[in-house]
Amino acid sequence: MVKKRKWSALIMLVAMLASLFVAMPSAMAATLLSEDFEDSVANGFSTEIGAFSVATDGTKVYATSSATARSYAGNSTWTNYSVQGKVKVTSWSSTTSYTAGLLGRYTDSSNYYLFVYELGELRLKKKAGGTITTLASKAYTFNLNTWYTFKANMSGSSLAFYVNGVQELTATDSTFSSGKAGLISIAGNESHFDDIQVADIVTASSYDNAVLADSPVGYWPISTSVTTDQTGHGMTGTYTGSPTATTLPNGEAAVAFNGVDQYMTIADNDYLEVTRTGIITIEAWMRPDVLEFPHAESSGYVHWMGKGTSGQHSWVARMYSYTNTENRPNRISGYSFNLSGGLGAGSYFQDTVTAGQWIHYTLVINTVNTDATYTTGYTKIFKNGVLRDQDKLSDYSIIPGNGTAPMRIGTRDLNSFFQGAVGKVAVYDYELTPAQLTAHYNAMTQ
Ligand SMILES: [Ca+2]
Ligand SMILES: [Ca+2]
Ligand SMILES: [Ca+2]
């Protein structure tokens, strides 16, 4: 009993410390549109007035060929998002009236926000019912034949205008809450646009902030619409099939896979390997929705996440069906492999599982922290932030390699499929402490 009280005191202390480190709300991004014009097609863009065509200016760009030109793209339901694009003007055809830049929350030809360079100034304006109002402005040196990266942020009534990564103007306005993204050029002779990107602004939750504060090298708070890696390492996932939306214990989004043919793929990357630093921690919330998996492999298990194909094996997260030929009812495990595959070194927990109940899963593979027992390193598995098992890599002579397989969620290599949900997948290049993992667990459940 004394020991248990100590534990709860420790957990409370950890939770208190964790609450001190909760960062201010930060933004995460999910790409809505990305267009570099390299296929000579301005996919999804519609010209409202004037003329645009794809031209060559180093790379393929979107160029105006009329005095007044506006083009828009996207969805009228886009609400909180950023639109970014490179803008370059070769010459102005007027000295008294000229404009170039981006449009946001475009509703129709009489209603939208403008984030533009105009008459020697950067200007954040709105056109409402055809009437233009300047919300903010400042003098700016905008050189001809020079690329500038414009970015417009629209979140609620907060508007911000960035040029080359510097926030230049802000304004508060609630006239338009949603609309498409667009481009504008008036008296640009000619104006070039390139690398147009629109990204959803997603507010990071306290759970996301707890994870991001521990510096993951990959973080996917996956939902049916969010597949982007939130660490900035660009490891965007791609769904095969359409897993359905579901929610985590804290009400945030996750996805449920059908156990037949749905999964997410993330391309091979050194950040997903043990080999980059010699250590990897793989963390996810997983929720088996059945106890007998209809699409199992071998003795009766599914690989619900992993990085491995024939001859290119790195690591895997596994769950056994209740019934399997190795008498491992609903064992949940994780393994490290030699590239060649075969038997892996791994750790597990084997508890009574309730279908539909979320489990916080963490697998550690560590080849750096060696000692007399773990001569070449170990695997560890944590359930709900608690260490449950540790095993020697030397038991199966495992020396992790740098394979070419993609990482997949919902399956490893299409030989079995997980029927259940997965959310908040994170990869770290160091071993998280039990205190860090407990803090993550508490951030989800308290
Ligand atoms: Ca281009
Ligand atoms: Ca294109
Ligand atoms: Ca690799």
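The table below gives the values:
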quantity	calculated
Filtered residues of the range 55-98 (kept if surrounded by 15 or more Cβ atoms within 10 Å (Cβ to Cβ), within 14 Å of ligand 2 (Cβ to nearest atom), within 31 Å of the chain's Cα centre (by Cα) and more than 24 Å from Phe176 (Cβ to Cβ))	Lys60, Val61
Matching strands (runs of 3 or more DSSP E) fully within the range 114-195 where at least 3 residues are under 22 Å from Ala42 (Cβ atoms) and touching a strand residue (DSSP E or B) at 6+ places or on another chain (Cβ under 6 Å)	148-155, 180-186
Identity of the residue in the range 368-379, of a type outside the set (Gly, Ala, Ser) and surrounded by 23 or more Cβ atoms within 10 Å (Cβ to Cβ), that ends up farthest from ligand 3 (Cβ to nearest atom)	Tyr378
Qualifying position, being more than 13 Å from the chain's Cα centre (by Cα) and within 16 Å of ligand 3 (Cβ to nearest atom), among Ala256, Ala267, Ala245, Ala284	Ala267
Where a residue in the range 380-399 is over 27 Å from Ala439 (Cα atoms) and its partner, wherever it lies, is part of a helix (DSSP H, G or I), with Cβ under 8 Å and at least six apart	Ile399/Leu393
Meets criteria (in a loop (DSSP other than H, G, I, E, B), buried (at least 16 other Cβ atoms within 10 Å of the Cβ) and not aromatic (Phe, Trp, Tyr)) for Ile365	no
Output for the range 51-73, where each listed residue is over 18 Å from Ile186 (Cα atoms) and of a type in the set (Lys, Arg)	Lys60
Some residue of the range 220-241 being within 27 Å of Asn111 (Cα to Cα), in contact (Cβ under 8 Å) with a residue 24 or more places away in the chain, surrounded by fewer than 21 Cβ atoms within 10 Å (Cβ to Cβ) and of a type outside the set (Phe, Trp, Tyr)	no
Which numbered condition Ala210 misses (of (1) part of a strand (DSSP E or B); (2) aliphatic (A, V, I, L, M); (3) in the same structural domain as Asp268 (by TED's automatic domain parsing))	(1)
Sole exception among (1) at pLDDT below 90; (2) in a loop (DSSP other than H, G, I, E, B) for Ser223, by number	(1)
Given (1) modelled with pLDDT of 95 or more; (2) part of a strand (DSSP E or B); (3) exposed (fewer than 15 other Cβ atoms within 10 Å of the Cβ), number of the condition Ser40 does not satisfy	(2)
Candidate set from the range 252-276 (those that are surrounded by fewer than 22 Cβ atoms within 10 Å (Cβ to Cβ) and in a strand (DSSP E or B)); member that is nearest to ligand 1 (Cβ to nearest atom)	Thr265
Scope the range 402-433; condition of a type outside the set (A, V, I, L, M) and surrounded by fewer than 16 Cβ atoms within 10 Å (Cβ to Cβ); matching residues	Asn402, Thr404, Asn415, Thr433
Residues located in the range 352-379, provided they are touching a Phe, Trp or Tyr at 6+ places or on another chain (Cβ under 8 Å) and under 17 Å from Thr433 (Cβ atoms)	His360, Tyr361, Thr362, Leu363, Val364, Ile365, Asn366, Asn369, Thr379
Selection from the range 401-446 of residues that are under 20 Å from Ile222 (Cα atoms), of a type in the set (D, E, K, R) and more than 16 Å from ligand 3 (Cβ to nearest atom)	Lys424
The range 316-363 - residue that is farther than 19 Å from Pro406 by Cα and aliphatic (A, V, I, L, M) and, of those, nearest to the chain's Cα centre (by Cα)	Ile359
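The values are calculated or read from the model by the stated rules, or taken from the named source; none is laboratory data. Source: prediction; values computed, not measured. Counting neighbours? That spans all protein chains shown, and the Cβs are built from the backbone with ideal geometry, glycine included.
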